[in-house]
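The values are calculated or read from the model by the stated rules, or taken from the named source; none is laboratory data. The model shown is predicted, which means the values in this text are computed figures rather than measured ones. A quick note on method: Cβ atoms are made from the backbone with ideal geometry, for glycine too, and the neighbour counts reach across all protein chains shown. Note: accessible area is taken over every heavy atom of the protein model, side chains too, but ligands, DNA and RNA are not part of it. Shrake-Rupley method; radii C 1.70, N 1.55, O 1.52, S 1.80 Å.
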Amino acid sequence: MTHTDFVFRIGGEAGQGVESSGAGFATAFTRAGLHVVAVPDYYSRIRGGHNFFSIRVSPEPIYGLIERVDILIALTDETIERHLEAMAEGGIIILDDQSQVSGESIPASVTLLRAPLNEIAEKHGAAVMANTAAVAVAAGLVDFDLDYLKGVVRDNFGSKGEAIVDANLAVLTDAYQWVKEQASFGRTLKPQESPKRIACNGNEAFAMGALTAGCKFVAAYPMTPATSVFEYMCKHAAKWGIATKHAESEIAAINMCIGAAHAGARAMAPTSGGGFDLMTEGLSLAGMTETPLVIYLAQRPGPATGLATRTAQTDLNLAMYAGHGEFPRVIMAPGTPEQAFDCAHRAFNIAEKYQCQVIVLSDQYLASSIFSQDRSAFNVTSPIIDRGKLLSAEEVEATDEYKRYALTEDGVSPRALPGSSPKTVYLATGNEHREDGHITEDASLAEAMTLKRNKKLEGIATEMQAPTLYGDPDAELTLVGWGSTCGALVEVVDILNAKGKATRLVHFCDIWPFPANARKILGDKAVIVVEQNVHGQFETLLKQATGITVKGHIHRVDGRPFTVEYILRELEA
């Protein structure tokens, strides 16, 4: 079967440069105007354990992960054993010519290409550059322009000095020339004219959005897979005037963010499920003090440490119901880097406009996978900043009396920064309080304040975006997904429609408050919900919010992301 796309996979042990090689290869393809989906798969250890990195690349748009492998770069013998079944007919396995792997176990339809990877690397300095040689061989097999890889090498190793750059460039050139004289894949992968693209993962896209949305304070206790959001903000902190704090715990992190937001900074806490567990008391404090706050919750399988470097959609209920007492919150779950960037902007605006907490749900797959994305998708020059009812010192002075928690028609009180004028010295407490912030146990006032806070949900609901509809709008079968399942589901819909099986996708990015128009969009078509948890957390919410009877569901709970083939197999079953 002829494909328009190629799938490269690099496999080896932690410490062999599997992820850095894969990310560099993906970046080179993106710079060549090609479409890329690249997914790391790694153990939660520094050394040892089998890691691999899959790079799907095509001249045509692609959106999800597939299981087929065309060219396998085996930095260890174990890689061949683990991925042989995924090899496509006509595929090629690249391995070092000193490997002890016998060709007897390799199907006749797959070529075993023994290349002098270590020899070339050692010739120019050290065997550690064997991964660079292997990537060059893979590029040469499909006649991909080596200049794009050279550009990535210069960018990645420039800070280490010219000697390191030159050595890697020499390895690239020698390995590329070697394979051009020895073998070819039979199909080529040429650069193409296209809009300028960047290669980024979901965490980078969200962090870019937070940065351009005016986030000025980030506190975190690093926790996979949210850590790279914190790292990105730290990297750009000096240039953009951001205060970052590596806190001693997640409890400390959220309380620092509450303090910063109370003082007027746009604040964010990135974490994962176990860290969010510890933040829930702070979340309730922010709910009572009506402090704007953004929490980025990147999911991974639990309970406890679970599968620390794998993916899941198991924390929706946690985000929905975390914290004691009743207070409004917003939940978003982007499915693409573009949506992640957009969610960051909207999250900070909604948090300040309604003085509430916004939880952005991601997961390891979206957080860590690399996608080629048109630069035009990211509005970094003219973001809309809406700080809601934030009063200036002059506006406060013009009032007779400032009350931080004034009872209002829409539930949102005018907000002034503490100490910005003589009138803005007020009490903010975790206890129930009067309009001026002082503690109260008056029954009627407690009721009024509770209703005031939750009145905000009516306004927040108007901010929620409708789910997107993709495919045949009149199809009898509707696939429903949320968050990172988006890409694979788009391709499943395309495949089914091409086969004459009318199908459509309804994908949710805004989760709570549940979009009011979702019921109308879903209609009365047969619905199958696709999500990565056991209990069907979104399916339950969908039923509660719309009354829709779900025909079936597809779940995956092994910590691996949905592939196009996995969903198709489950639909057939």
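Which residue, of ALA308, ALA322, ALA333, is more than 29 Å from THR468 (Cα to Cα) and either in contact (Cβ under 8 Å) with a residue 12 or more places away in the chain or of a type in the set (Phe, Trp, Tyr) (or both)?
Answer to the selection: ALA308.
Return a yes/no flag: does segment 137-146 have any residue that is in a helix (DSSP H, G or I) and open to solvent by 10 Å² or more (accessible area, probe 1.4 Å).
Looking for residues that are in a helix (DSSP H, G or I) and open to solvent by 10 Å² or more (accessible area, probe 1.4 Å), one finds at least one in segment 137-146, hence yes.
Taking segment 170-218 as the search range and keeping residues that are of a type in the set (Val, Ile, Thr) and under 22 Å from ALA367 (Cα atoms), which one is surrounded by the most Cβ atoms within 10 Å (Cβ to Cβ)?
VAL218
Considering only residues that are open to solvent by 20 Å² or more (accessible area, probe 1.4 Å) and in a strand (DSSP E or B), which ones fall in segment 517-543?
ALA526, ILE528
How many of the residues in segment 492-516 are among the acidic types (Asp, Glu) and either surrounded by 20 or more Cβ atoms within 10 Å (Cβ to Cβ) or not in a helix (DSSP H, G or I) (or both)?
1
May I ask you to say which residue of THR30, THR4 is of a type in the set (Val, Ile, Thr) and in contact with a Lys or Arg (Cβ under 8 Å, 6 or more places away or on another chain)?
Going through THR30, THR4 in turn, the sole match is THR30.
Test each condition in (1) among the charged types (D, E, K, R); (2) under 17 Å from MET288 (Cβ atoms); (3) open to solvent by 20 Å² or more (accessible area, probe 1.4 Å) for ARG375 and report the one that comes out false.
The single condition ARG375 does not satisfy is (2).
Could you tell me which of the residues VAL380, VAL360, VAL396 is touching a Cys at 6+ places or on another chain (Cβ under 7 Å) and aliphatic (A, V, I, L, M)?
Step by step, each of VAL380, VAL360, VAL396 is checked, and only VAL360 is touching a Cys at 6+ places or on another chain (Cβ under 7 Å) and aliphatic (A, V, I, L, M).
Which of (1) open to solvent by less than 70 Å² (accessible area, probe 1.4 Å); (2) under 33 Å from the mean Cα position of the chain (by Cα) is the odd one out, the single condition ASP474 does not satisfy?
Of (1) open to solvent by less than 70 Å² (accessible area, probe 1.4 Å); (2) under 33 Å from the mean Cα position of the chain (by Cα), only one is false for ASP474: (1).
Residues in segment 355-375: is at least one touching a residue at least 40 places away in the same chain (Cβ under 8 Å), of a type in the set (Asp, Glu) and in a strand (DSSP E or B)?
For segment 355-375, residues touching a residue at least 40 places away in the same chain (Cβ under 8 Å), of a type in the set (Asp, Glu) and in a strand (DSSP E or B): present.
What single numbered condition from (1) more than 18 Å from LYS389 (Cβ to Cβ); (2) open to solvent by 50 Å² or more (accessible area, probe 1.4 Å); (3) in contact (Cβ under 8 Å) with a residue 12 or more places away in the chain fails to hold for LYS423?
Result: LYS423 passes all but (1).
Conditions tested, residue by residue: (1) closer than 21 Å to GLU122 by Cα; (2) assigned to a helix (DSSP H, G or I); (3) touching a residue at least 40 places away in the same chain (Cβ under 8 Å).
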site	(1), (2), (3)
ARG154	yes, yes, no
SER159	no, yes, no
LEU172	yes, yes, yes
GLY186	no, no, yes
LYS190	no, no, yes
ALA199	no, no, yes
ALA205	no, yes, yes
MET208	no, yes, yes
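Surrounded by 15 or more Cβ atoms within 10 Å (Cβ to Cβ), outside any strand (DSSP E or B) and modelled with pLDDT under 95, is that true of ILE548?
Against the criterion (surrounded by 15 or more Cβ atoms within 10 Å (Cβ to Cβ), outside any strand (DSSP E or B) and modelled with pLDDT under 95), ILE548 qualifies.
Just one of the numbered conditions (1) closer than 27 Å to SER413 by Cβ; (2) open to solvent by less than 40 Å² (accessible area, probe 1.4 Å) is not true of GLY275; which one?
Against the list (1) closer than 27 Å to SER413 by Cβ; (2) open to solvent by less than 40 Å² (accessible area, probe 1.4 Å), GLY275 comes up short only on (1).
Could you grab me the full set of residues in segment 93-104 that are within 22 Å of ASN51 (Cβ to Cβ), open to solvent by 10 Å² or more (accessible area, probe 1.4 Å) and either part of a strand (DSSP E or B) or of a type in the set (Gly, Ala, Ser) (or both)?
ASP96, SER99
Going residue by residue through segment 321-341, is there one that turns out to be in a helix (DSSP H, G or I), under 24 Å from GLU463 (Cα atoms), among the charged types (D, E, K, R) and modelled with pLDDT of 95 or more?
yes
Which one of ARG47, ARG68, ARG9 is closer than 24 Å to PRO301 by Cβ, in contact with a strand residue (DSSP E or B) (Cβ under 9 Å, 6 or more places away or on another chain) and modelled with pLDDT of 95 or more?
Matching residue, one of ARG47, ARG68, ARG9: ARG9.
Restricting attention to segment 111-127, report how many residues are part of a helix (DSSP H, G or I), in contact (Cβ under 8 Å) with a residue 12 or more places away in the chain and open to solvent by 40 Å² or more (accessible area, probe 1.4 Å).
The qualifying residues number 3.
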